[in-house]
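Asker: Before I ask anything, let me first share the structure, which is written out below as structure tokens.
The values are calculated or read from the model by the stated rules, or taken from the named source; none is laboratory data. From a predicted model like this one, the values you see are computed outputs, not experimental measurements. Ideal geometry is used to build each Cβ from the backbone, glycine not excepted, and the neighbour counts take in all protein chains shown. Heads up: the accessible areas ignore ligands, DNA and RNA and are worked out on the full protein's heavy atoms, side chains in. Shrake-Rupley method; radii C 1.70, N 1.55, O 1.52, S 1.80 Å.
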Amino acid sequence: MKEKFYLTTAIPYCSGKPHIGNTYEVILTDAIARYKRKMGYDVFFLTGTDEHGIKIETKAKEMGITPKEFVDGVYAKVRDMWALVGASYDKFIRTTDDYHEKAVTGIFKKLYEQGDIYKSQYEGHYCVPCESFFTDTQVTDGKCPDCGRPVERATEDAYFFRMSKYADRLLKHIEENPGFVEPEARLKEMVNNFLKPGLQDLCVTRSSFTWGVPVPGDEKHVIYVWIDALSNYITALGYEVDEQGELFKKYWPCDVHVIGKDIVRFHTIYWPIMLLALGIPLPKKIYGHGWLNFGTDKMSKSRGNVMYADELAELFGVDGVRYYTLSAMPYSSDGSITYDSMIAAFNTDLANNLGNLVSRTVSMNKKYFGSVIQAPVASEAIDGELKACVAETVAKVHEKMDTYHVSDALSAIFDMLSRANKYIDETTPWVLAKSEDTKARLGTVLYNLLETIRVGASLLSPFIPDTAAKILATLGTDDMSEEFGALVCGKATGEAEVLFKRIDEKEFYERLAAQKGETAEKKEEAKMEEVKVEEAAAEKVYEPVADTVVFDDFVKVDMRVAKVLECEAVPKSKKLLKFKLDLGFETRQVFSGIAKYYSPEELIGKKVIMVANLAPRMMKINGNEEESNGMIVASGGHEPDAVVRLLFAADDANVGDRVS
Ligand code: ME8
């Protein structure tokens, strides 16, 4: 029996057309799924859409349609985009599917009945007209961050999940299962920043909107969108719905959840704890990939730099998009996408390295042997080098794919193709063709090239499946084995088709301009600036509000007004500024990573807010140990394109006063 392999993507919010970043994730997961199928696994690949929540409810209201009508429209866009890029998923789940909603209700009920979810009160600032709760950090001067009207302190009934009860078991699981979360740095962040300091109970219901799965028996509340969304990984297999649970029995636990770096916390803490509480085994691995940025900037509508796979595919072809995104995203850091870098990769790797190798080889086989594949009877030492390179590449691709280093697997294949191009220059077939005496050698050289191309196409098939299929068809074979020597002599190769036509930069930008003009027309995007800004505000994905703390815990953080006496750049550091801060009763030395956002001159004399009781920290500064005693408070900093701003106290605030 085949070994099973279950893998999933995150389910994107059904709030708009998925951009190239969301689409990259499905391409990545698809490449892994295709690779595993090729290795003989019984693969189940799940994807879907996350269709509940206030954002969707609000957007639908603005458009004057029901939330269901709204998500139906967006779902179709997601499905079309996934189809366009060739996602070979086995199931597409929508969180509005009846069976899913029913299962989520059952899961909530189970957790409530066994005491893991309990009803209590949520305390915060309430804005009556907006019917929304806000935390202390969201409210400035007692005003609602949305409408600016005064908020009032209020409490509301809500349900909480006893996260803390399972924290130790989760920590133990993480310690006993190295590789549970990859890359490792993402796990460390979770353990040190969230698990070790102690988990707070999580508020798992909302009552400020209705577009969600109602709490069973208390329908004023809806189940928190993350509890709803995370459950998709098991409900899609029939958990809580299908009496027999065949799929669930067969495929759970999940072999890998492929997700982006911003949602690692939900998948490594909340999701495993939900599963522990339900008595379900934990997934084997969570792989948190980086983000695809436009150059170094985060993609956002307001900046006008959002790219979509369908528009890119018109310019580069589907395999051009698949190749670029898969090769541009490193294993653990962010990837960058720009038109220029796509053109460069397209021309260098796809058109020159791969395309030329195939067309040169197939044309030579036609010219010299009427397309008939010759037997490799006249070997020379250099052939051994090429064959060794093929064998090493095969091994490397397996090693890299088994550890999710997908871009490294691809670059190994392209290195092999370069080696094959070099082999042409070294063996000079056009010289061998001049004499009958070297005909056998020429046939051998071409066989070795065709065979390298065949193995290459086989290795490329998970990444650029259409191109791989075209190459194999040109070679007249469907043999996908990775052993050198499987190509059968005496058969004929086909016509050398242009796989990737070199892109001319000038022509490309003309086409791009035409496309942009067209899409702008289509979408009537040329709206006023305010509309864009409004959209951007609606688009921003806010970090979820941290777990509730009681006031007594809050006041443990001693924040004070401090005056900047001195501030200087730290030599050789792009990030750090060194401060001397006056607290009234003493002065402190603090280092802060804000050099990118402020110059020392603009800060001297200013009154900032500092955490005065943060444990001092020794830092290595240009070879010396220096103490940083306290922390200056700032907003922003977690997003890739953070706008970090210090929080200043009023000019006449007393130095040393507490901030609360
Ligand atoms: O987070 N580059 O949905 P989502 C690469 N509904 N990946 C990116 C990206 C970028 N620029 N931008 C987003 C959600 N992503 C939830 C998931 S799962 C139970 C619920 C990734 O639409 C992002 O990291 O905001 C996430 O993995 C996926 O796209 C969907 O993001």
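Asker: Starting from the amide H of GLU566, placed 1.01 Å from N in the peptide plane, find each other amide H under 5 Å away whose residue is 5 or more places distant or on another chain.
Answerer: LYS580
Asker: Which order do the peptides 552-558, 608-614 take when ranked by the mean count of other beta-carbon atoms within 10 Å per residue, highest first?
Answerer: 608-614, 552-558
Asker: Specify the inter-centroid distance of the range 1-29 and the range 84-149, based on alpha-carbon positions, in whole Å.
Answerer: The range 1-29 and the range 84-149 have Cα centres spaced 22 Å from each other.
Asker: If you add up the charges near ILE280, with Lys and Arg at +1 and Asp and Glu at -1, over every other residue whose beta carbon is less than 14 angstrom from its beta carbon, what do you get?
Answerer: Around ILE280, the charge tally is +2.
Asker: Rounded to the nearest 10 degrees, what's the angle between the helix 529-539 long axis and the longest principal axis of the chain, both from Cα atoms, 0 to 90?
Answerer: That works out to roughly 90 degrees.
Asker: Can you compute the FRET efficiency between LEU614 and SER332 using 1/(1 + (r/R0)^6), with r the Cβ-Cβ distance and R0 = 41 Å? Round to the nearest 0.05.
Answerer: Rounded to the nearest 0.05, the efficiency is 0.90.
Asker: Leaving out ligands, DNA and RNA, what percent of the accessible area of the range 76-122 is carbon and sulfur, probe 1.4 Å?
Answerer: 46
Asker: Highest mean first, how do 30-42, 297-309 rank when packing is the count of other Cβ atoms within 10 Å averaged over residues?
Answerer: Top to bottom by mean Cβ count within 10 Å: 30-42, 297-309.
Asker: Grab the Cα-Cα distance for GLN138 and SER302, subtract it from 0.36 nm times how many residues apart they are, and report the gain in nm with one decimal.
Answerer: Extra length from GLN138 to SER302 when fully extended: 56.8 nm.
Asker: On to the next question. Please state the relative contact order of the range 551-659 as a whole percent: Cα pairs under 8 Å, 6+ residues apart?
Answerer: 30
Asker: Calculated FRET efficiency, ASN193 and GLU626, Cβ-Cβ r, R0 22 Å, to nearest 0.05?
Answerer: Plugging the Cβ-Cβ distance into 1/(1 + (r/R0)^6) gives 0.40.
Asker: Continuing with the same structure: What's the tally of Lys pairs in the range 338-475 whose alpha-carbon atoms lie under 22 angstrom apart, where the two lysines are 8 or more places apart or on different chains?
Answerer: Here the count comes out as 15.
Asker: Here's something else I'd like to know. Tally Lys/Arg at +1 and Asp/Glu at -1 over every other residue whose Cβ is under 12 Å from the Cβ of ASP582; what's the total?
Answerer: +4
Asker: Over the chain, average the accessible area per residue using a 1.4 Å probe and give it in Å², no decimals.
Answerer: Averaged over the residues of the chain, the accessible area is 47 Å².
Asker: For a protection proxy built on the mean count of beta-carbon atoms within 10 angstrom, sort 483-490, 76-83, 454-461, 620-627 highest first, please.
Answerer: 454-461, 76-83, 483-490, 620-627
Asker: Still on this structure: Which stretch or stretches of the range 591-625 have amide N atoms under 15 Å from the point lying 7 Å from GLU566's Cα along the Cα→Cβ direction?
Answerer: 591-592, 600-601, 604-605
Asker: Rounding to the nearest 10 and keeping the result within 0 to 90°, find how far the Cα-based axis of helix 439-460 lies from the longest principal axis of the chain.
Answerer: Orientation of helix 439-460: about 20 degrees from the principal axis.
Asker: For LYS109 and GLU3, what is the calculated FRET efficiency with R₀ set at 41 Å and r taken between the beta-carbons, to the nearest 0.05?
Answerer: The computed FRET efficiency comes out at 0.75.
Asker: What is the local net charge at VAL390, summed over the other residues whose Cβ is closer than 14 Å to its Cβ (Lys, Arg +1; Asp, Glu -1)?
Answerer: Value of the local net charge: -2.
Asker: In whole percent, how big is the carbon plus sulfur part of the accessible area of the range 141-283, probe 1.4 Å, protein atoms only?
Answerer: Result for the range 141-283: 46 percent of the exposed heavy-atom area is carbon or sulfur.
Asker: Same structure again: I'd like the orientation of helix 67-84 relative to the chain: the angle between its Cα long axis and the longest Cα principal axis, in ° from 0 to 90, rounded to 10.
Answerer: It works out to around 30 degrees.
Asker: Between ALA344 and GLU586, what is the spin-label point distance in nm, taking each point 7 Å from the Cα along the Cα→C-beta axis?
Answerer: Modelled inter-label distance: 5.2 nm.
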